[in-house]
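J.: Take this structure, written in structure tokens, and hold onto it; I'll ask about it next.
The values are calculated or read from the model by the stated rules, or taken from the named source; none is laboratory data. Since the model is a prediction, treat every value here as computed from it, not as a measurement. FYI the Cβ positions are ideal-geometry reconstructions off the backbone, even for glycines, and counts take in every protein chain you see. Heads up: the accessible areas ignore ligands, DNA and RNA and are worked out on the full protein's heavy atoms, side chains in. Shrake-Rupley method; radii C 1.70, N 1.55, O 1.52, S 1.80 Å.
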Amino acid sequence: MTFFCSSNSLTIIARLRSLITPISDRGSLRPSTSIPVPRPHVSFTSVCIIFGQVCCIRNMASLATADICDSNGKHVPTGELRVLQPIFQSYGQRRAFSGPIVTLKVFEDNVLVRELLETKGEGRVLVVDGGGSIRCALVGGNLGQIAQNNGWAGIVVNGCIRDVDEINGCDIGVRALATHPLKSNKKRTGEMHVSVYIAGALIHEGEWLYADNDGILVSKHELSV
């Protein structure tokens, strides 16, 4: 079985490897005038398996949208499961992400976007209804870094973002209509925690969002397959 680990995981593994006692050295102690300190008898293979499992679990944390639709298709006609129109571009390191939704409605003003991202994300997804404006960006590299540091799983923007190279280096998932180099206004206008209508779907605070390369789903409740 092959595991794909992030650069951070590989760095940790390298550090742990330096602490591991080789099998050939077990049972022998290097000459020393001081009392030797026992070292844990852990093989590098074990460490790789442990970290491989961690990385694998992380990558599988978000359910595949296609599997969700196959298993929960009966909830689409009722509106309990909604499929957003395929109008978004994908950014950030996380191509797949999911979590409880926090909603925000603004128009060409991102002060409230920053205020929410500066709070603890706790694995949630910020859904920003920017009115579909493509005249300025609502999220940039600084906000992407803030979102990552505060534990947000992702951001969905019905509008534009900028600093794409910086956002693509952040460990979050981002969906937006397009990119735009112009920053937004700073008047602190908008509404937090209100229902928003994006990409043909009505989205409420506290619902669950699932995103991957196939698209974006919104569910009334947390789902399983």
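J.: Residue check: is Ala211 more than 21 Å from Ile68 (Cβ to Cβ) and either open to solvent by less than 10 Å² (accessible area, probe 1.4 Å) or modelled with pLDDT under 95 (or both)?
T.: no
J.: Mind checking which residues of segment 195-204 are of a type in the set (A, V, I, L, M) and exposed (fewer than 13 other Cβ atoms within 10 Å of the Cβ)?
T.: The answer is Leu202, and nothing else.
J.: Could you tell me whether Glu222 is assigned to a loop (DSSP other than H, G, I, E, B), touching a Phe, Trp or Tyr at 6+ places or on another chain (Cβ under 6 Å) and surrounded by fewer than 14 Cβ atoms within 10 Å (Cβ to Cβ)?
T.: yes
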